[in-house]
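The values are calculated or read from the model by the stated rules, or taken from the named source; none is laboratory data. This structure is a prediction, so every number in the text was calculated from the model and none was measured. Every residue, glycine among them, receives a Cβ derived from its backbone with ideal geometry; neighbour counts consider all protein chains shown. The protein model used for the area step is the full one, side chains on, heavy atoms only, and it has no ligands, DNA or RNA in it. Shrake-Rupley method; radii C 1.70, N 1.55, O 1.52, S 1.80 Å.
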Amino acid sequence: MKRVVVGLSGGVDSSVAAYLLQKEGYEVIGLFMKNWHDDSVTISNECPWLEDSNDAMIVAVKLGIPFQVVDLSGEYKDRIVDYMFREYEKGRTPNPDILCNREIKFDVFMKIAMELGADYVATGHYCRKGILDVNGEEVYQLLAGTDTNKDQSYFLCQLSQQQLSKALFPIGELTKPEVREIAKEMDLITADKKDSQGLCFIGKVRLPEFLQQKLQPKEGVIVTISKESELYHREIPEFSSKEEELSFFGAKFKYAITDGKTVAKHQGAHYFTKGQRKGLAVGGTIEPLFVIDTDVVENVIYTGEGKNHPGLYRKVLFVSNEELHWIREDLALKDGESMNVRSRIRYRQVLEKAILHKVESGLYVEFENAQSAITEGQFVAWYLDDDLAGSGVIS
């Protein structure tokens, strides 16, 4: 009998995942990951991890499976929280959820599971796993979830073949309503529980306050750049190669304070991210202002009016070799090769047609349509049909 450890989070998805595995005849063990216990920055008085671990325990008792809480807060701080601060300080916008899957759930947690003699680790993610035979070798696929509304493959875009070989996603073929229905039939306490919001496992955290603990406030100016700015009417040169063209369109606009007009003050450029609209507190404009760029060195926030502002859009992005990751290693491009894919730069974004171009220093992703708020530090993921082939950090 195969043994599987389920990461029980206290939500409905992982509860049903555990039940389905049990039904399939696995020996199931439930573990709750405690990744955070600094209650000074959570928003509500309720202590989210206590309530969640309690719900997870009640589900385990109901299913009659062993249960324990594992404290991973040390590793979480080192690998996730510190990474977030480093990225924000560089003026990049991290994605802690993707990293949490790669570094915590499918690494630290997986090691604990293997020490417990587990054959697999299972989570309540809406995605599926496929197995192909490529030249006599087993190759694992990370496939989109059947429920296109809830597909969470993007959050697992940094997993390796090794990690996928030990992973199970029991609810990947189901839709959210079906999962809730099963939980109701089984009378699980989590059946009607709302989906968790906020950072992976930290609970409801106010990001600015969370960041302020480490990053000191620093007053700077907010500058608005007009849609009509010369910057957006640049002459397009003749390109001698495709790579030169990609480099031109992949470069972001460079702004200076003199390019626009100073409209207000802010408390630190490192608290803001591209495409952000809230928190600017600038009135008197016809359309709302959006952040089009931040300069953490000079501590300036550049904004544009309206969500169609040209400063928000780009067709090309770049991923450096160090931050390039292929789940399907068998499909990895060699320098000079290209590939037609569908790609997204954020969770829940509709997949967009794009071409990957591998160059010596990394990989260009060239979209058919210009994308809004391509943000450094976030992840781009690319798919062949519903097979998530690879991903990378946007440079």
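Per residue, the accessible area of the chain comes to 47 Å², computed with a 1.4 Å probe over protein heavy atoms only.
Does segment 212-357 come out rounded, prolate or oblate by the C-alpha gyration tensor, with a ≥ b ≥ c the root eigenvalues, rounded set by a/c under 1.5 and, if not, prolate when a/b is larger than b/c and oblate if not? It comes out prolate by the Cα gyration axes. Segment 227-249 and segment 2-39 have their alpha-carbon centroids 51 Å apart. When the solvent-accessible area of the chain is split by element, carbon and sulfur atoms take up 49 percent of it, the probe being 1.4 Å.
Starting from the Cα coordinates of segment 79-160, work out the convex hull volume and express it per residue in Å³.
Details: hull volume 10.5 nm³, N = 82.
So the per-residue hull volume is 129 Å³.
Between the helical axis of 12-23 and the longest alpha-carbon principal axis of the chain there is an angle of about 40 degrees.
With both residues required to sit in the chain, DSSP beta bridges show an antiparallel share near 75%.
In a reduced charge model with +1 at each Lys and Arg Cβ and -1 at each Asp and Glu Cβ, segment 1-131 shows a dipole moment near 560 debye about its Cα centre.
Kindly flag which residue pairs out of Lys315/Lys358; Lys23/Lys184; Lys278/Lys358; Lys77/Lys176; Lys77/Lys193 have an alpha-carbon separation exceeding 25 Å in this structure.
Numbers: Lys315/Lys358 16 Å; Lys23/Lys184 16 Å; Lys278/Lys358 37 Å; Lys77/Lys176 31 Å; Lys77/Lys193 27 Å.
Correct reply: Lys278/Lys358; Lys77/Lys176; Lys77/Lys193.
When the Cα centres of segment 123-150 and segment 350-375 are compared, how far apart do they sit, in Å? Centre-to-centre distance over Cα atoms comes out at 23 Å. Protection proxy ranking, highest mean first, for peptides 211-218, 230-237: 211-218, 230-237, where packing is the per-residue count of other beta-carbon atoms within 10 Å, averaged.
For the chain, what ratio Rg/Rh do Cα atoms give with a Kirkwood hydrodynamic radius? Working shown, then result.
Details: Rg = 22.6 Å, Rh = 22.7 Å.
The Rg/Rh ratio comes out at 0.99.
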